[in-house]
1. As an exercise, identify the trypsin sites (Lys or Arg not before Pro) in region 36-85 lying in DSSP coil whose Cβ has no more than 14 other Cβ atoms within 10 Å.
2. How large is the dipole of the chain about the Cα centre if only Lys and Arg carry +1 and Asp and Glu carry -1, each at its Cβ, rounded to the nearest 20 debye?
3. For a paramagnetic label modelled at 7 Å from the Cα of Leu47 toward its Cβ, which residues of region 69-91 fall within the zone defined by backbone nitrogen distances under 16 Å?
4. With every protein chain left in place and a probe of 1.4 Å, what is the accessible surface of Tyr37, to the nearest 10 Å²?
5. Rounded to whole Hz and in sequence order, give me ³J(HN,Hα) for region 98-115 from the Karplus expression 6.51 cos²θ - 1.76 cosθ + 1.60, θ = phi - 60°, writing x for Gly and Pro.
6. With a 1.4 Å probe and every protein chain left in place, work out the accessible area per residue of the chain in Å², rounded to a whole number.
7. HN-Hα J couplings of region 44-53 from phi, Karplus 6.51/-1.76/1.60, θ = phi - 60°, integer Hz, Gly and Pro as x?
8. Return the carbon/sulfur percentage of the accessible area of the chain, one whole number, probe 1.4 Å, all protein chains in place.
Amino acid sequence: QVQLVESGGGLVQAGGSLRLSCAASKSISGIKSMGWYRQAPGKQRELVARISSGDSTTYADSVKGRFTISGDNAENTLYLQMNSLKPEDTAVYYCNAVSRWYNYWGQGTQVTVST
């Protein structure tokens, strides 16, 4: 069973930056894509960014131009560079991996952006 472990969350002032990491416990067979989702209190979980096995990327409109998703296949690690953070980016951020057979989730890391 693959485990995804997020790190890098924390408290930052508006306009600041954070870099989230998601480490997979092992290489994921049949991987199709990996991504970051977030869930703010009282709201549904939403896609933030996704990268396919072919390295094509998708971003939520709200983060385009500010966030960058990338991966290191050799280290089985996914990253999310978040710049120009806004208070509305405050949420728990979850790592996700989709394979041909299973959909994996991490436990989440809290990101709080203060005014």
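1. Lys43, Lys64
2. Values: 11 positive and 8 negative charges, 38 e Å.
I would put it at about 180 debye.
3. Output list for this probe position: 69-70.
4. Counting only protein heavy atoms, Tyr37 exposes about 50 Å² to solvent.
5. Listing the rounded values in order: 10, 10, 5, 10, 8, 10, 9, 10, x, 7, x, 9, 7, 10, 10, 10, 8, 7 Hz.
6. Here the residues of the chain average 55 Å² of exposed surface.
7. Once θ is set to phi - 60°, the couplings for region 44-53 become 6, 5, 10, 6, 9, 7, 9, 10, 8, 5 Hz.
8. Values: 2860 of 6340 Å².
So the carbon and sulfur contribution to the accessible surface is 45 percent.
The values are calculated or read from the model by the stated rules, or taken from the named source; none is laboratory data. Treat the numbers as computed from the prediction; the structure is a model and nothing was measured. Heads up, the Cβs are rebuilt from the backbone with ideal geometry, glycines too, and the neighbour counts pull from every protein chain shown. In case anyone asks, the SASA skips ligands and DNA or RNA and just uses the protein heavy atoms, side chains included. Shrake-Rupley method; radii C 1.70, N 1.55, O 1.52, S 1.80 Å.
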